[in-house]
Amino acid sequence: LLYTIKFEGMGEKVLIIDNGSHTIKCGWRPDKSPETFYNWIMRPKDRRRQFVGSEIDKCQDMSNVHVTSPFQKGYLLNWTAQKTIWDSIFNDPLKVSPGDTNLIVTEPPLNFSAIRDAWDEMIFEEYGFKSLFRCSASTLTAFHYKQTHTDNQCCLIVDAGHAFTHIVPYHNGRQIVAGTKRISVGGKHMCNLLKELISYRQINLLEETYACNLIKEDVCFVSTSFNEELDLAKKKDPSVLCEYVLPDFVSIHRGYVKLPGDDPDSDKKPTDQGQTIRLSLERFTVPEILFNPSDIGRFHCP
């Protein structure tokens, strides 16, 4: 959505960065295919070298990696790590020349003023960008919605991120601050819950955050009829049950889904094609914590 908005008065060279706590999505206007990078500094267990931002895909062994994130509880606090990641992205994939580049960057709704001041200092004093427009991703989404739905005066944006979820109402393109709500549940909490469920029921993956996050992205879904899906899971229905082949980072560098009956050689032993786990009700019960945070001990007033 960021790439369908026309920003006037910012010149021709505009770099747009959606700076999330898990991934960074960035690209040049009007390109509609932004590049995505992990907003991490990753160090494998051998401790020989670290992989930063755009280099993470080059890491061959993602098992037991140590991850450093610039964010804590959804807020950007480690500016040294963030600058290291930005340097990696700006220098190689994007080849950014800050002096003649206008920057649009996202931040969490209701961000702290001290963090905003640090933003300005980093952008102008460290990098020297030509100009800066800073706002929340929900504001850009609401602006785009207003441009494409001119008859509608109101909209409600649900921005589910890695560390928390924001529910933001807008009226005529303006955020209603008093109605903005934050729920401290996001993709990180779903990943942690999935790790615990798999580790308790099948195989210990408590130290395999990266692999579990891929499992979450590959197989989990939000159920529109929870009780019906639960009945199907009890009956081991193929529409819910699936097998997931875990990566061994030797011959399999990324896990993948193997649905029952798809492979004619599905009677092979798991050791022939990588270690396999079976997932059924975990696929839709894990995302349910977005709607019922009390399931993991987080209580939020409606």
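What to note about this one:
- Top-ranked residue in segment 216-236 [being more than 25 Å from Lys195 (Cβ to Cβ) and part of a loop (DSSP other than H, G, I, E, B); ranked as least open to solvent (accessible area, probe 1.4 Å)]: Ser225
- Taking the criterion of being closer than 18 Å to Met62 by Cα, among the polar types (S, T, N, Q) and surrounded by 14 or more Cβ atoms within 10 Å (Cβ to Cβ), the only residue of segment 200-211 that qualifies is Thr209.
Yes/no matrix, rows are residues, columns are (1) farther than 30 Å from Tyr210 by Cα; (2) more than 20 Å from the chain's Cα centre (by Cα); (3) in a helix (DSSP H, G or I):
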| residue | (1), (2), (3) |
| --- | --- |
| Asp87 | no, yes, yes |
| Val96 | no, yes, no |
| Gly99 | yes, yes, yes |
| Glu125 | yes, yes, yes |
| Leu132 | yes, yes, no |
| His144 | yes, yes, yes |
| His162 | no, no, no |
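- Which listed residue is at pLDDT below 80 and either of a type in the set (Ser, Thr, Tyr) or more than 30 Å from Thr180 (Cα to Cα) (or both), from Lys58, Lys95, Lys32, Lys130: Lys58
- Tyr210 being part of a helix (DSSP H, G or I), in contact (Cβ under 8 Å) with a residue 12 or more places away in the chain and more than 16 Å from Arg298 (Cα to Cα): yes
- Members of segment 97-148 that are touching a Pro at 6+ places or on another chain (Cβ under 6 Å), surrounded by 15 or more Cβ atoms within 10 Å (Cβ to Cβ) and under 20 Å from Lys83 (Cβ atoms): Tyr127, Phe129
- Close pairs (7 angstrom Cβ cut-off, 6 or more residues apart or separate chains): in a loop (DSSP other than H, G, I, E, B) in segment 179-207, charged (D, E, K, R) and open to solvent by less than 30 Å² (accessible area, probe 1.4 Å) anywhere: Leu205/Lys195; Leu206/Lys195
The values are calculated or read from the model by the stated rules, or taken from the named source; none is laboratory data. Keep in mind that this is a model prediction, so the values were computed, not measured. Methodologically, a virtual Cβ is constructed for each residue, glycine included, from the backbone with ideal geometry; neighbour enumeration extends over all protein chains shown. Side chains are part of the model used for accessible areas, which takes the heavy atoms of the whole protein and leaves out ligands, DNA and RNA. Shrake-Rupley method; radii C 1.70, N 1.55, O 1.52, S 1.80 Å.
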